[in-house]
Structure formats: C-alpha cells, structure tokens
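The values are calculated or read from the model by the stated rules, or taken from the named source; none is laboratory data. These numbers come from a predicted model, not from an experiment. Quick note on the areas: whole protein, heavy atoms, side chains included, nothing else; ligands and nucleic acids left out. Shrake-Rupley method; radii C 1.70, N 1.55, O 1.52, S 1.80 Å.
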Amino acid sequence: MTRTRLFHPLTLALLLLAPAMEARAQKSMGQTIPAPTESKPLAPWERLSIDEKPTTVQVRRSADSKPVPMVIVKRGNLAITEGDMVVGEHGKTLTGVISMENAIRNPQMKWPMVNGKVVVPYEVAAGVPRQQVQALQAAVAEFSQKTCIQFVPRTSKDRNYVSVFQGDGCYSYVGCVQQGKQELSLGQGCEFKGTAVHELMHALGFYHEQSRPDRDQYITVNFQNVESGLEDQFDVCQDCTTQDIPYEYDSIMHYGAQAFTKNGKATMVPKKAGAKVVEPYDKPGLTALDVKKIHKLYGCK
C-alpha cells in the first residue's frame, strides 16, 4: 500500500518560508543578493561561438572616399564590425567594395522629421522574450522623454522601419539604410535598457564613442591585451565628425574597459584620472551629451 507523507502545519510553514529567511540572512550579513536574470549580460563586442574568423575587406566610408581596410566578422549571413555594427550581407561584402557612409555626414541615412519630431517606425518580431521587450520599451520611452526622436509602431504605409528580433547577440545597422526592413537584434544577454539604447543609437546613425577621431587624446589602447586579428576594431574613424561635442567616457556609445580582450585585462584605459569606462548594459541610458548629439545631428530645437 502506498503511504502518503503528511507534514505538520508548522513544518510546512517553515519549508515555505525557508527561501525568504535565507535571503534575509544573507542581506543581514552584507552579502549581495543578485537580481534574477534570464542570462549573463552580453557586451555588444563579445564574440559568439557561431562567429567565423575575422576577415579584412575594403570599404568606402563615403561616396568619394578611397577604399580602406576594415575587419569584419561573419555571423550567419551578416558582416559585422566593431562587435555590433552590421555593414551588409557577408556574401555581397566579399564580392567587392561596400559602401559604409558616415550617417552623420549623409542626410540620406537620417530618419525623416515630421512636425518637428524625428519619426522612426519599428516593430517587434514574434517570439522576442519578455525581458527584451521590456528593455526595448524602456529605451523607446527614454528617447521620447529626452529627445526629438519618436519610435512609433510601424504601419503598412512605412517603407523603412526597424524590426527588433531575437537574433544571435546584440547588433544593428547604422542609420536609416533605406532598404525597407532593417533588423536590430536583442538576443540572449541583451535584455538590458542600456543595451537597447545603444543599439537604437546605432540605428539613428551613431558610431562608437571610442572610434572618434580624437579618441587617442582620452583613451590609451593596450593592444597587447587585444584578441589577435581584432586590433583594427580600435581604428578611429578619420572622416567622422565630433559635432564639436566633448568626448565622453559615460556615453551610452562607449564600450567597456575589456572590449575585445584576449586575456581578461583592460584594453582601454582612460587618460583622465579616476575615470572609468563600463559596458552599455551597466549604464542607465542617455547622457546629456548623448541627447545633445542627437539634437545636433537631426537639427532638433
């Protein structure tokens, strides 16, 4: 005969309270209780197991510029540089020179302004996890509250739009690429507001802060700690403009100190005493200078 095990009511109550009691005890002893998350935070620059070996291709950063070398990584059918910037489909990239115009200087790669607001249609693809959707919603709200940018749900009339989906890693095209649907990935590990803001800034037309032409005045790059073959990921963009806005360590577009590290040691060290650089997922969102960049790029008042 099967015997059913019965618990005394007091015993059952203690079992139910045990997790809460343990957490309270940890807190009283000064231990940090981690917030629940679905996955380990993923920095946009981190290589994935599916990524192929870095390859050097020739690109034009503007229509009249000479081809220059660029290191890309093949991820699926995409060519990605600097960890999270999509420069095109990999097969097409390798067949010849690709065009990667600087969105800041190219008005055709800006999103349109309607009644004083920059309107960016977007959609959330089916299957995007709740955490990523919440991060995206928080990022969209921040742009709406602090800037002239309005991310609006896409309608059938919108030819060009951003499609947010759960891909492999965190990445985006740079600017409005004028090809209809352009994908922005918030994959596993990208479910953080700072990450979502970072990728949306790429979609608006911004490059990384550490690739500014004046970067070396503010950052020392320890190339001895950079993964072999990825040294070019720290090249500065010679034909980019700073918009006469100061370099900012806290910008949502600045990578953390260990970007592209091969040994866990710092690859970027601020020259300013006491300054730090942290990953986008560890940042609250847009800084005042980030907002200023957006308004200056799009001519907002």
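If you count only protein heavy atoms with a 1.4 Å probe, what accessible area per residue comes out for the stretch 170-295, rounded to a whole Å²?
Per residue, the stretch 170-295 has 37 Å² of solvent-accessible surface.
Past 21 Å, Cα to Cα: identify those pairs from 146/301; 110/181; 157/292; 53/276; 110/193; 110/276, in the order given. Could you put the intermediate results ahead of the total?
On the way: 146/301 12 Å; 110/181 15 Å; 157/292 30 Å; 53/276 30 Å; 110/193 23 Å; 110/276 31 Å.
Listed pairs above 21 Å: 157/292; 53/276; 110/193; 110/276.
Stretch residue 40-residue 117 to full length: gain in nm at 0.36 nm per residue minus the Cα-Cα span?
Values: separation 77, 0.36 × 77 = 27.72 nm, distance 3.60 nm.
Length gained, residue 40 through residue 117: 24.1 nm.
How much of the accessible area of the stretch 167-277, probe 1.4 Å, is carbon plus sulfur, in whole percent? It would help to have the intermediate numbers written out before the result.
Working: 1760 of 4060 Å².
Here carbon and sulfur together make up 43 percent of the probe-accessible area.
Under the rule of at least 5 residues apart or a separate chain, name every residue whose amide H is placed under 5 Å from the amide H of residue 184.
Here 163, 164, 165 satisfy the definition.
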